Amino acid sequence: MIFVETENPSKVLTKVQGDKIEGIGSKGSYRMEYGRISAAYEKTGKELGKAIKNALQ
């Protein structure tokens, strides 16, 4: 993911790489591979949120 400045989208604020996050252990029960992808995005969001929260403290 790439975060850019709103007023100047050409200015990159940060880049986040989440290639080691797996969508296993999610609360939902998923039937197809889409479920694993969905769970990976869910976990990525949670981990990113925790990192931002810790950085702001």
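Read-outs throughout are calculated quantities, based only on the coordinates presented, and are distinct from any laboratory measurement. This one's a predicted model, so the numbers in the text were calculated from it and none came from an experiment. Glycine gets a Cβ as well: all are built from the backbone with ideal geometry, and neighbour counts include every protein chain shown.
Once amide H atoms are placed 1.01 Å from N in the peptide plane, what residues at a sequence separation of 5 or more from Val4, or on another chain, have their amide H within under 5 Å of its amide H?
Sorted by chain and number, the residues that satisfy this are Leu13.
Taking the highest mean first, how do the peptides 39-48, 4-13 order by number of other beta carbon atoms within 10 angstrom per residue?
Taking the mean over residues of other Cβ atoms within 10 Å, the ranking is 39-48, 4-13.
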